[in-house]
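Asker: This is the structure I have questions about; it appears just below.
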Amino acid sequence: DGGITQSPKYLFRKEGQNVTLSCEQNLNHDAMYWYRQDPGQGLRLIYYSQIVNDFQKGDIAEGYSVSREKKESFPLTVTSAQKNPTAFYLCASSIGSTGGSPLHFGNGTRLTVT
Amino acid sequence: GQNIDQPTEMTATEGAIVQINCTYQTSGFNGLFWYQQHAGEAPTFLSYNVLDGLEEKGRFSSFLSRSKGYSYLLLKELQMKDSASYLCAERGKLIFGQGTELSVKP
């Protein structure tokens, strides 16, 4: 079955440590996205990538970094510079980056930093 | 600030009809999505509107008016399992609304 896999489901880190969240898709989608969701709030875009080796900042990119070395993979690193990293992180992909191709979401990673 | 506005929460009765509204900024508009999200889970795609009018999919329908920057999601014959957050999202800017938390009561 095709889909998007995020791992791990739950992640705990100490303040000051960088942490990388994994996102893999086997849907052959060109575009991939990272969103952050805080309690009672909508999704906020962190980074997105339309093709391999290219990515753009979203609305809240500060304190995060990404890479897109392979079409299937779009890992997100939460750096120590991110002031409030505790959140629910969602990765998504779509066939293209415009038009009616919907975003398909992974099951998310809940990151807790103490 | 947010370019998309939705009511924060709504309550409806099982078997009834509920309409969830969404307004957005019209500049750069490239289509509007509706998603359903149960607590702690990933959003799942419900509908996509890019032209004016009503799109019907079973119990769920979505309407769009591009000139007014307005959309709504209509849920008919409500079931308890429809209790969830409903998110509208503008395709071009990849922006999501804060979500409308719908509670369906017996």
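Asker: If we keep just the residues of segment B:23-35 that are touching a strand residue (DSSP E or B) at 6+ places or on another chain (Cβ under 7 Å) and within 11 Å of chain A (Cβ to nearest Cβ), which is nearest to A:GLY40 (Cα to Cα)?
Answerer: Step by step, filter segment B:23-35, then rank; the result is B:TYR35.
Asker: Can A:LEU27 be described as within 11 Å of chain B (Cβ to nearest Cβ) and in contact with a strand residue (DSSP E or B) (Cβ under 8 Å, 6 or more places away or on another chain)?
Answerer: Working: within 11 Å of chain B (Cβ to nearest Cβ): no; in contact with a strand residue (DSSP E or B) (Cβ under 8 Å, 6 or more places away or on another chain): yes.
Taking the combined requirement at face value, the residue does not satisfy it.
Asker: So for segment A:18-36 (the condition being surrounded by 17 or more Cβ atoms within 10 Å (Cβ to Cβ), without any contact (Cβ under 8 Å) to a residue 24 or more places away in the chain, more than 20 Å from B:LEU94 (Cα to Cα) and out of contact with any Lys or Arg (no Cβ under 6 Å at 6 or more places or on another chain)), does at least one residue qualify? Steps first, please.
Answerer: As a first pass, look at segment A:18-36 and keep what is surrounded by 17 or more Cβ atoms within 10 Å (Cβ to Cβ): A:19, A:21, A:23-25, A:29, A:31-36.
Applying the additional criterion that residues be without any contact (Cβ under 8 Å) to a residue 24 or more places away in the chain yields none.
No: segment A:18-36 contains no residue that is surrounded by 17 or more Cβ atoms within 10 Å (Cβ to Cβ), without any contact (Cβ under 8 Å) to a residue 24 or more places away in the chain, more than 20 Å from B:LEU94 (Cα to Cα) and out of contact with any Lys or Arg (no Cβ under 6 Å at 6 or more places or on another chain).
Asker: Further question: Residues that are over 26 Å from B:GLY97 (Cα atoms), without any contact (Cβ under 8 Å) to a residue 60 or more places away in the chain and surrounded by 13 or more Cβ atoms within 10 Å (Cβ to Cβ): does segment A:86-98 have at least one? Let's see the steps before the verdict.
Answerer: Filtering segment A:86-98 for residues over 26 Å from B:GLY97 (Cα atoms) gives none.
No, segment A:86-98 contains no residue that is over 26 Å from B:GLY97 (Cα atoms), without any contact (Cβ under 8 Å) to a residue 60 or more places away in the chain and surrounded by 13 or more Cβ atoms within 10 Å (Cβ to Cβ).
Asker: Working only within segment B:11-50, note down all residues that are assigned to a strand (DSSP E or B) and more than 21 Å from B:PHE63 (Cβ to Cβ). Before the answer, list the steps.
Answerer: Step one: filter segment B:11-50 for residues assigned to a strand (DSSP E or B), giving B:11-13, B:18-24, B:32-37, B:44-49.
Within segment B:11-50, B:THR11, B:THR13 qualify.
Asker: Look at segment B:68-106 and say how many of its residues are part of a loop (DSSP other than H, G, I, E, B), within 30 Å of A:SER49 (Cα to Cα) and touching a residue at least 12 places away in the same chain (Cβ under 8 Å). Show your work before the answer.
Answerer: Let us first name the residues in segment B:68-106 that are part of a loop (DSSP other than H, G, I, E, B), namely B:68-69, B:76-79, B:83, B:91-94, B:97-99, B:106.
Okay, now just the ones that are also within 30 Å of A:SER49 (Cα to Cα), so B:69, B:91-94, B:97-99.
Going one step further and asking which of them are touching a residue at least 12 places away in the same chain (Cβ under 8 Å), we end up with B:69, B:91-93, B:97-99.
Looking only at that region, the number is 7.
Asker: Which of the residues spanning segment A:16-57 are in a strand (DSSP E or B) and of a type in the set (Asp, Glu)?
Answerer: At the first step, the residues of segment A:16-57 found to be in a strand (DSSP E or B) are A:19-25, A:31-37, A:43-49, A:56-57.
Correct list: A:GLU24 only.
Asker: Just to check your reading of the model, which residue among B:LEU102, B:LEU75, B:LEU64 is at pLDDT 95 or above and touching a Lys or Arg at 6+ places or on another chain (Cβ under 7 Å)? Spell out how you get there, then give the answer.
Answerer: On the way: B:LEU102 fails: touching a Lys or Arg at 6+ places or on another chain (Cβ under 7 Å); B:LEU64 fails: touching a Lys or Arg at 6+ places or on another chain (Cβ under 7 Å).
The match here is B:LEU75.
The values are calculated or read from the model by the stated rules, or taken from the named source; none is laboratory data. In this text the structure is predicted, and so the values were computed from the model without any measurement. Cβ: placed from backbone, ideal geometry, glycine included. Neighbour counts: every protein chain shown.
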